[in-house]
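Contents: one structure, followed by commentary.
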2 protein chains.
Amino acid sequence: MRRWIWMLILGAGLAAGAPAEEGMVPLSELAGLDLAAAGFEIPAEVIYRPGGISLVDGIINLSGCTASFVSSQGLILTNYHCAFRAVQSLSGAETDYLEDGFSARTLAEELPAKGYTVRIIESYRDVSKEVLGAVHARMAPAERARAVEKRSKELVLQAERLHPGSRAEVAEMFAGKTYVLFQYAYLRDIRLVYAPPRAIGEFGGEEDNWMWPRHTGDFAFLRAYTGRNGETADYAPANIPFRPKRFLRVNPRGIASGDLVFLLGYPGRTYRHRSARFLKYEQTVRMPWVVSLYRWRLETLAEAAATDRTIQIKLAPRMRGYANREKNYRGKIQGMARLDLVGEREREEEALAAFIQSDPERRARYGDLLEKISELYDEIEDRAEYEFTLEYLIHGSDLLHGAFTAYEAAHERKKRESERKSAYMERNLDRTLQKLEITLSNTHLPIDRLFLKDMLLRALHLSPVMAIDPIRSLAGDRGAGTAEVDRFLHHLYERTGLRDPRAVMDLFKRSLAQLEASEDPFMQLARSLYGPFESLEEIRRRRKGTLDALSSRLLEVRQAFLGRRFVPDANGTLRLTYGRVRGYRPVDAVLFLPFTTLRGMVEKETGRFPFLLPPGLSERIRRGREGNGDGTDPSQLPVAFLYAADTTGGNSGSPVLDAGGRLVGLNFDRTFQATINDFAWNEGYSRSIGVDIRFILWWLREFSETPRLRVEMGIQGDR
Amino acid sequence: MRRWIWMLILGAGLAAGAPAEEGMVPLSELAGLDLAAAGFEIPAEVIYRPGGISLVDGIINLSGCTASFVSSQGLILTNYHCAFRAVQSLSGAETDYLEDGFSARTLAEELPAKGYTVRIIESYRDVSKEVLGAVHARMAPAERARAVEKRSKELVLQAERLHPGSRAEVAEMFAGKTYVLFQYAYLRDIRLVYAPPRAIGEFGGEEDNWMWPRHTGDFAFLRAYTGRNGETADYAPANIPFRPKRFLRVNPRGIASGDLVFLLGYPGRTYRHRSARFLKYEQTVRMPWVVSLYRWRLETLAEAAATDRTIQIKLAPRMRGYANREKNYRGKIQGMARLDLVGEREREEEALAAFIQSDPERRARYGDLLEKISELYDEIEDRAEYEFTLEYLIHGSDLLHGAFTAYEAAHERKKRESERKSAYMERNLDRTLQKLEITLSNTHLPIDRLFLKDMLLRALHLSPVMAIDPIRSLAGDRGAGTAEVDRFLHHLYERTGLRDPRAVMDLFKRSLAQLEASEDPFMQLARSLYGPFESLEEIRRRRKGTLDALSSRLLEVRQAFLGRRFVPDANGTLRLTYGRVRGYRPVDAVLFLPFTTLRGMVEKETGRFPFLLPPGLSERIRRGREGNGDGTDPSQLPVAFLYAADTTGGNSGSPVLDAGGRLVGLNFDRTFQATINDFAWNEGYSRSIGVDIRFILWWLREFSETPRLRVEMGIQGDR
């Protein structure tokens, strides 16, 4: 191969149009982009038109994931992994929808996806002035943070009063600086319509997770329902399908290598404007601690789930969650070390420091900035072991977590709505309880006890200056011992009345005084941990107040220094991102191509989960063109594809749209190298992974019992 | 990227010339190839000219590896791993040439590479008639095999008598059908000239072994010496460098992607013409057994070598050997399963069976063929556990192996030269003893005992019908037990006089009667195993006789059926193979590019063996063009490259030659997918790996203390 061919290949993305730019662009910045130059075939107003109808009306925040409407009847397309909890909670050893998949042949067969909600953006406005108006210069940091929190909540409550049935949120775009109020339509009756077998929806499982090449059929369908008159309503059999203002059209021809794609979605959190000191803390302190804890938990869960299918189903969401996070963090730690991200940011900050020092006025205003941030993280790092342990202890056992939540709720109920912690505001309490109920329905007591034991032992091994007092007292004078912990656990689990989830839920009906008087050992433990936890919350509030003020100044001076404006970090609000369908070089002498095929899926098959395919599929691939019976060769069918867009967690389920705004795929993951997107994005290796619409449509046609879905999406013929 | 670009990339090898063909072509077939059409710029006579001087005169069989002369002074270039035993045996904790590398600045500093020999082909002739003349139809199978063996040895001895100082061999090209006598010049004074540190020569170690992308500097230099008059001689300080008839010219500009390369070398063994039944036996019986044994041994060795550098050095060759084989077999087992090689061959044989049945004459001649072969492997499979155990038991302990060899030698000495087992023929005995001596110099008694214990326990656990009698008697009436084995091992190792290697070597001076009378417990054990082992050898001779006759007929009918002639399987004789420099798709959506670079090597660096680089190298790569001080960018320097040629073990060290016959690299490995080359070759994924001459020359310039080597190879200037 001649050199020019390689240049052509590697430059193809660039040659074919402007390069993708780092950035999860908020709606407010949309008008400032030159979309046509980037390769869009539609103007910004088609994507978002304030007060009018646009693609954004078809985009959903589905309980933290992204999803989209794909029919006028409220049909929702999202990732399998976003619908996983619904599939799991409807499954038992008898109706094993995890193993078999779920397929509603009629509307009547669609089952409630408990706990799921839909938010659709209605409008937004900048409320920075209103929020920061609550702050004044002489406030102590914690007071400052509290004031911002309170004012934000007041704005939310006010907005929701004005638009009953809707939801509002105040999002911090730049810490301590910019705040935006978003208004959402809100739906609560969401039902499961179709999910493939887990073996398809999670094909490749944890082994392939965060990896390329990928062959995961990570899609599922749900449907939003409303009351008879289109109003937001809780589940009721008589409810009717929601009629979205706009739904996305599917492009059954899919996309090609080098083409532009764009995504709309709700990316969760990124940290691209943070200091080197923060990055170092993440890389060397926080993430390694979590990785080590989760690895142990995963081994423990795997052992427990080894034999019994009912326990397997119960523990499945937990295992997925830990495994996903553990691998993500591992990828980040590796990537940060490989790219020397901390070193790079440090070098940038050295230059920034010189820039600050070079001008007396700047020196006066920003001279202490980096040092102050550094000091704050020194403190965080010093106390990290204590804080992680306390937090993971409270959440380490579902029973303790339940008791603690009930006790905390009783305290919070005494406050005014706008002063409560978010989870306990009237508007959120139902969801909080519903989530807890789901968690408790998956509690497996032997695991609960093992996890709590582990956290108690960790707590007992904290150095004396960091001891969690109520736990230390357990050990008596002779110091920490496994025997004492075992005795204590025996006491907890034998004497408690909370082994039945209903008993935990009942606690929320009790008054604070009743809970104070309770002799249930879990409630006693929860009470003893409440004080330390409240102190921790206050410390964090103080840190946030301090950091907000520092961050706001850091942003100013970095923008001046680098001579450009920044796109705000992801914060769970709607963003647009775009890029080209492109492979990349993960390491020397290896090129990842941007499409996987059905043939590759069959090549991975082992006959055991997670590399399990329906009977006969391999045979059809081998038969080639005869396999599909329509002259097309199923072996070449695209399954997943790569694109250089900027995504993070929360973008799961985001529609991948072509230059004309038609749906060509569903975003579901990033590559291992791209796990560090959260800290830094790079055109060379940051790639997101989508499942190809052609695979979804083919699967529906060949393996589902719901031909109605293709019809509903307007797919004509066999395509 | 547009589709045509991909077609261009993937078709480039094809587009640029004729595709490489499967085949390790013997010299006798060379004239039949259309080399010009394949892209060669030199005619066949430049490669091999019977009776004249050609490239083949520069090609060496170096104790089972391949090597080549690269100067008129007998300078030899081969792989580091082929010179490894020399480096290792010259090393101790004080002179650690493994860690530091070895560099002779003058001829006088070149040190003897004990046990190494050089063979250079002089001539060959077909001796099929002479060999098969010894066979007649009524011979029993074992008798037949013995007759072929004996006649071959007679031809060898005759040839060597005619050419004193040379070596001859009769090679079986097609089992039971074609035999060729090769005549070799033979050199015995071989010295180590230069070896890089092990961290370079084995960069990537076992982790990267059999893998791409690869960054291993797998090269070393030796030199052949002769007596004062150019005659073959054992090592003597006064010997002089050998003057080869021809040496290879180095092309310092290297090779490019898509270019033709060819290799001359001594590939060991392939099995491409064997039956499905044989493949199945390998895949499901023999290789898994070896993999499981070697895994355990590797773990045991790793533990023993963990702390002490002297023990590490002692055990290094064993660990490399086991690890290499274990991974190779694992690759084969995986590849055979993935490609369903057995199924494919079975389908071919079904068609072949139909072809045979379709014609009465064919049916009469070949009708029973496949069934007979199948029966033979049924027998082999039934007895496999017994046979493996017996064989690995005898070789499981160096002490037992030494005693056994001495006892066997004493028996063999009573026979005529042409009737002896090869190892004990007068012409080979010295080498056999030298090899044993090297093995014993690396014996680590605790490991020796552990390995023997493991084999004894395996032997005791054989089912009663397969029991090895002398071992079964160990267990007494109460059956197998660890305690009995431990007692027996204690007895063996405490009472033996063979812990000193010299005592083992002394056994070879004793008569058979003396050994029969010996009370050394290892000699007693060896004697007791001699009978079972001799029976096994006779059984194998019978099988070979049977299979030879069957194979010869199978070859006939397969050639008729497939309508083409076959290239004989590799058998350790000189072969030519060629192909293009090309990447490949190892799995769906991944493309392996054909060159790795120094940058990639630096990216792999961890600072610990086997990912360890000289200080400062990373820094130079980061400095880019400034790094080499000559305007070239060292980061882009090619390190290793891929080509679609047909190689196997024994091709290690083969020169990779460009279309003009100049040396552009050294073959040192295959990719994981290509481990199954031994059973089937495929243009799609069979790739061999070479170290690039540009890396070798750069390394010599920058990191060796032997500028004389570049000069001796005729490299001018800085290139």
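If you look at the Cα atoms of chain B, you get an Rg and a Dmax of 26.1, 81 Å. Each of the peptides B:641-649, B:435-443 was scored by the mean count of other Cβ atoms within 10 Å over its residues; in descending order, highest first, they stand as B:641-649, B:435-443. Distances between copies at residue B:391, taken between label points 7 Å from Cα along the C-beta direction, are 6.0 nm in increasing order.
Dividing the helix sum by the residues of chain A, where each DSSP H run of 4 or more adds -39500 (n - 2.57), gives a mean residue ellipticity at 222 nm of -14000 deg cm²/dmol. Our Cα-only numbers for region A:477-545 put the radius of gyration and Dmax at 15.5, 44 Å. Chain A versus the axis that turns it onto chain B: the residue with the nearest Cβ and the distance in whole Å amount to A:591, 2. Beyond 29 Å in Cα-Cα separation lie the following of the pairs B:150/B:327; A:245/A:314; A:280/A:544; A:129/A:332; B:314/B:415; B:435/B:604: B:150/B:327; A:245/A:314; A:129/A:332; B:314/B:415; B:435/B:604. Normalised by the number of residues in chain B, what is the relative contact order in percent for Cα pairs under 8 Å and 6+ residues apart? So the answer I get is 23 percent. For the residues of B:579-592, the average number of beta carbons from a partner chain within 10 Å of their own beta carbon is 5.
Peptide B:593-599 has a mean shielding of 3, counted as Cβ atoms of other protein chains within 10 Å of each residue's Cβ. Measuring nothing but alpha carbons in region A:179-335 and taking Rh as the Kirkwood radius, the Rg to Rh ratio lands at 1.03. 3J(HN,Hα) along region A:637-648: 4, x, 10, 9, 8, 10, 8, 8, 9, 9, 10, 8 Hz, from the Karplus curve 6.51 cos²θ - 1.76 cosθ + 1.60 with θ = phi - 60°, whole Hz, x for Gly and Pro. In percent, rounded to a whole number, the relative contact order of region A:276-560 is 22, using alpha-carbon pairs under 8 Å and six or more apart. Sorted from longest to shortest, the spans of the Cα atoms of region A:594-664 along the three principal axes equal 38, 31, 17 Å.
Ligands, DNA and RNA are left out, and with a 1.4 angstrom probe the accessible area of the protein assembly as shown is 41 Å² per residue. Once the convex hull of all Cα atoms in region A:276-560 is built, its volume per residue stands at 162 Å³. Semi-axes of the equivalent ellipsoid for region A:653-706, computed as √(5λ) from the eigenvalues of its C-alpha gyration tensor and ordered from largest down, come to 28, 13, 8 Å. Across the protein chains, with a 1.4 Å probe defining accessible surface, the residues A:672, A:451 rank A:672, A:451 from largest area downward.
Extent of the protein assembly as shown along its three principal axes (Cα atoms, max minus min coordinate, largest first): 110, 80, 72 Å.
Annotation: aspartates and glutamates with alpha-carbon distance below 14 angstrom to residue B:153 (same-chain offsets under eight excluded): B:130, B:169, B:172, B:417, B:419, B:426.
Distance between the pseudo-spin-label points of residue A:140 and residue A:354 (7 Å out from Cα toward the beta carbon): 4.1 nm. Sorted from nearest, the other copies put their residue A:472 label points 7.0 nm away, the label point being 7 Å from Cα in the direction of Cβ.
Taking all Cα-Cα distances within region B:363-428, those exceeding 20 Å account for 57%.
Along the axis of the charge dipole computed for the protein assembly as shown (Cβ charges of +1 for Lys and Arg, -1 for Asp and Glu, origin at the Cα centre), the listed residues A:210, B:664, B:491 are led at the positive end by B:664. Residue B:490 contributes about 100 Å² of solvent-accessible surface, heavy atoms of the protein only, 1.4 Å probe. Each copy carries a label point for residue B:530 at 7 Å from Cα toward Cβ; from one copy, the others' points are 8.9 nm away, ordered from shortest. Note the buried accessible area between A and B here, summed over both chains, with a 1.4 Å probe, in Å² to the nearest 100. So the total buried area for this chain pair works out to about 2400 Å². Of all complete DSSP H helices in chain A, those with a Cα span along the helix axis of 18 Å or greater and a mean Kyte-Doolittle hydropathy of -0.5 or more are A:287-305, A:341-357, A:369-394, A:398-412, A:445-460, A:521-562.
If only the Cβ of Lys and Arg carry +1 and only the Cβ of Asp and Glu carry -1, the dipole of the protein assembly as shown around its Cα centre is close to 1660 debye.
Placing +1 on the Cβ of every Lys and Arg and -1 on the Cβ of every Asp and Glu, with nothing else charged, gives chain B a dipole about its Cα centre of roughly 980 debye. Residue A:327 exposes around 20 Å² of accessible area when a 1.4 Å probe is run over every protein chain in place. Packing, taken as the mean count of other beta carbons within 10 Å per residue, orders the peptides B:499-507, B:606-614 from highest to lowest as B:499-507, B:606-614.
Taking the Kirkwood radius as Rh and the Cα radius of gyration as Rg, region B:326-390 has a ratio of Rg/Rh equal to 1.12.
Positive end of the dipole of region B:48-141 (Cβ unit charges, origin at the Cα centre): among B:133, B:103, B:60, the Cα lying farthest that way belongs to B:133.
The values are calculated or read from the model by the stated rules, or taken from the named source; none is laboratory data. Just so it is clear, the structure is predicted and the values come from calculations on it, not from any experiment. With ideal geometry, Cβ positions are generated from the backbone for all residues, glycine too; neighbour counts draw on all protein chains shown. To get the accessible areas, we keep the full protein, side chains included, count just its heavy atoms, and leave off ligands, DNA and RNA. Shrake-Rupley method; radii C 1.70, N 1.55, O 1.52, S 1.80 Å.
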